[in-house]
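K.L.:
My questions will all concern the structure given below.
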Amino acid sequence: MTTNNNLKKCAIALSLTALFGTTAAMATPNQLMSPSMQETAAKLQGQEGFGTQFIIKYKNNSDEMMTMSAAEQTPTMMNKKAKGFVKNFTSKKGKVKAQYVRAMAMSNHHVMRADKKLSAEEAQEYVKKLRSILRYIGTCDGNMEEGSLRCDVNISVRKKEEELGTRCEIKNVNSIKSIGRAIGYEFKRQIEIINSGGRIDQETRLFDEKKGETRSMRSKEEARDYRYFPDPDLPPLDINDDWTNEIKKNLPELPDVKKAKLINQHKISSYDASILVSDKNNAEFFDKIIDGNKKRNPKNIVNWIIGDLFSLLNKNNLKIKNSPVKAEDLGELIDFIEDSTISRKIAKNVFEEMFKTKKKARDIIEKKGLKQITNTDEIESIIEKILANNKDKVEQYKSGKEKLFGYFVGQVMQETKGTANPGIVNEILKKKLAN
């Protein structure tokens, strides 16, 4: 984003609509913020003209809107204020009626320095964080492109030392990437209008994915423009402390807790842990492998998942939950490497065939005779044969051409079709060539 000296600040409000499959759980602002977001918010708090507040909105049958400030967002305050108020949020056989899910939306109002280019990025990070939590607790699959989660972006700008101006709402943004693009375009559009002497109209706009721009959808003045009306078939939902406390006790392990566990218990790097917890299915895939055999090296498991597996999944446009190679089967393949049944190089070929055919590693290894040769007598016999057939190169090696060592290793691996144990090959070769 670019700006001039007169326009330094903008406000972005995100209103997220999620299609819940089970009961939704309350979350505090800090639970929805990544560490970097919390740090940024802390820095901005107290600076003149800046602040961060999170607002939870409820709408009742009387077409009234209730909001909560950050100070009120303790479970007790939430329940006291919400009790008897929320009318249009209810479950039926464990499913929320889709047309009424907007009765409870969570919004983030985050005022930031526009010239630091953080606004769009922070908005995207917030949605990622919320989506991750929803997926972990099982209330929403978070697939924005399929309509399970959508975002309304409200943007307004102001000149230096002035109040925030008229806002525009960008409706139903359907991807994390588009949230950033929509904010960037709308921010620039409003600044250009104000700098040219124009006026921002309060309106609802749509984001055009192909053109990368927003366009006017309809004007909007007051809440009555939405034309809400009560539905007599939807009873009130009484939110009380016992209900929320019971939900808290049964919450599953959330992303930040899972990440800390991966780092502290399994000694996985923060970067690798972040990749695993970014998707609940990734973390569950890892857990199944490590739980299958506690002796497995966690780092090796991570390398296979985020390296080899992700590579093939991306090439075939698949999600990990649809992987042809199941966690148990990848775990078995890793065991074959760690007990020297096959080499890492052979394992990569076996893995690719597992992915293509859905066969188990054991069956592929046995059928193709890929078990690693570890018998020292057998390997020594092969090495002696190769050295006898390459006496000229042996002399060159002993004369100082040490790079030929790789040639001899290659000949042994070619003779054994890659099944000779590399460590044993290197050890015996060094002894033979030293004589």
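The values are calculated or read from the model by the stated rules, or taken from the named source; none is laboratory data. It should be emphasised that the depicted structure is a prediction, and the values quoted were computed from it without experimental measurement. Note: ideal-geometry Cβ built from the backbone for every residue, glycine included; neighbour counts use all protein chains shown.
K.L.:
Of the residues that make up segment 329-350, is at least one crowded, with 19+ Cβ neighbours inside 10 Å, over 30 Å from ASN375 (Cα atoms) and assigned by TED's automatic domain parsing to the domain that holds LEU262?
P.N.:
no
K.L.:
Among the residues of segment 377-433, count how many are among the hydroxyl-bearing types (Ser, Thr, Tyr), farther than 18 Å from THR341 by Cα and crowded, with 16+ Cβ neighbours inside 10 Å.
P.N.:
1
K.L.:
If you go through segment 351-360 one residue at a time, do you hit one that is crowded, with 16+ Cβ neighbours inside 10 Å and basic (Lys, Arg)?
P.N.:
yes
K.L.:
Among the polar types (S, T, N, Q), part of a helix (DSSP H, G or I) and at pLDDT 85 or above, is that true of THR214?
P.N.:
no
K.L.:
Among the helices (runs of 4 or more DSSP H) lying completely within segment 272-372, list those that include at least 1 residues that are in contact (Cβ under 8 Å) with a residue 60 or more places away in the chain.
P.N.:
The helices (runs of 4 or more DSSP H) meeting that bar are 280-292, 344-357.
K.L.:
Right, another one. Could we say that ILE379 is touching a strand residue (DSSP E or B) at 6+ places or on another chain (Cβ under 6 Å) and of a type in the set (A, V, I, L, M) here?
P.N.:
yes
K.L.:
Right, another one. Taking ALA223 as meeting all but one of (1) modelled with pLDDT of 90 or more; (2) farther than 23 Å from GLY307 by Cα; (3) not basic (Lys, Arg), write down the number of the exception.
P.N.:
Condition (1) is where ALA223 drops out.
K.L.:
Further, regarding this structure: Return only the number of the condition from (1) modelled with pLDDT of 90 or more; (2) farther than 30 Å from SER132 by Cβ; (3) not small (Gly, Ala, Ser) that GLU163 does not satisfy.
P.N.:
(1)
K.L.:
Right, something else. Please specify each residue of segment 369-389 satisfying the condition of being modelled with pLDDT under 90 and of a type in the set (Lys, Arg).
P.N.:
Of everything in segment 369-389, just one residue is modelled with pLDDT under 90 and of a type in the set (Lys, Arg), namely LYS371.
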